[in-house]
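Inspection log for the structure reproduced underneath, given as structure tokens.
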Amino acid sequence: MGTVKTLHVVGYKNSGKTTLVSHWITVLQRLGMKVAILKHHGHGGAPELPPNHTDTVQFLKAGAISTVVAGGGMIQLIQQKEHLFQELKALAASAEPDVLLIEGYKKEAGDKVVLIRHEKDWAELKSLSGIIKVVNTEEIFADKMALDNWLQEWVQEAMTDETI
């Protein structure tokens, strides 16, 4: 496996992160690339579990610290553990994607696209490390083609840098 090209998409709640990342998955797939996602659950607390009647939840309630469910070519992993960011990146990259898009984790190192809804957002986010593009939320809906072209150039540049 070669180096995975990694890009963070960061911004505050309702800035369009999920909309842009979802769209970029389709763009990258059209370019023949495999895409993995690492998303920070920024809503407080743990991510939502499967329904209570499932075996997975019964195992967790009984005290299991980890459950892995596999079937139909899919794997579901739930762990009761505080992960370090690098471990999570490695887990997401274990599927051997060409590109890893990270939604959130704005304070972690890496190339970042910052989404801005309000001017005050930029005042608070401009000190982040690794910013390579700033996007006003309206651009996501008004000019997706320009953003798609930028992404394609970034991927090609990342691939070129990787071979040097």
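Points to keep in mind about this one:
- Residues whose amide H comes within less than 5 Å of that of Glu103, counting only those at least five positions distant or on another chain, are Val9, Leu38, Lys39, His40 (H built at 1.01 Å from N in the peptide plane).
- Per residue, the accessible area of the chain comes to 63 Å², computed with a 1.4 Å probe over protein heavy atoms only.
- Sequence of His53, His118, His83 when ordered by accessible area, the most exposed leading, probe 1.4 angstrom: His53, His118, His83
- Pair Glu138, Glu87: separation of 7 Å Cα→Cβ label points (nm): 4.4 nm
- Cut-off 11 Å between beta-carbons: net charge of the residues surrounding Lys17, Lys and Arg +1, Asp and Glu -1: +3
- Cβ-based charge dipole, the range 1-156, positive-most Cα from Ala64, Val4, Val99: Ala64
- Residue (of His83, Trp122, His23) at the positive-pole extreme of the range 11-164, dipole from beta-carbon charges: His83
- Of all accessible heavy-atom area on the chain, the percent that carbon and sulfur account for (1.4 Å): 53 percent
- Applying a DSSP loop filter and a limit of 14 other Cβ atoms within 10 Å to the trypsin sites (Lys or Arg not before Pro) in the range 88-164 leaves Lys107, Lys126.
- The GluC sites (Glu not before Pro) found in the range 79-155 that occupy coil by DSSP, while having at most 15 further C-beta atoms within 10 Å, are Glu82.
- Whichever lysines have a C-alpha closer than 21 Å to that of Lys17, once near sequence neighbours (fewer than 8 apart) are set aside: Lys5, Lys34, Lys39, Lys89, Lys106, Lys107, Lys112, Lys120, Lys126, Lys133, Lys144
- Projected label points at Trp122 and His23, each 7 Å from Cα along the beta carbon direction, are separated by 1.9 nanometres.
- Length-normalised contact order for the chain - Cα pairs under 8 Å, 6+ apart - percent: 36 percent
- Relative protection proxy for 22-28, 71-77, from highest mean packing down: 22-28, 71-77 (other beta-carbon atoms within 10 angstrom).
The values are calculated or read from the model by the stated rules, or taken from the named source; none is laboratory data. This structure is a prediction, so every number in the text was calculated from the model and none was measured. Cβ coordinates were reconstructed from backbone atoms using ideal geometry, including for glycine residues, and neighbour counts include every protein chain displayed. Ligands, DNA and RNA are stripped out before the accessible areas are found, and what is left, the full protein with its side chains, is counted by its heavy atoms. Shrake-Rupley method; radii C 1.70, N 1.55, O 1.52, S 1.80 Å.
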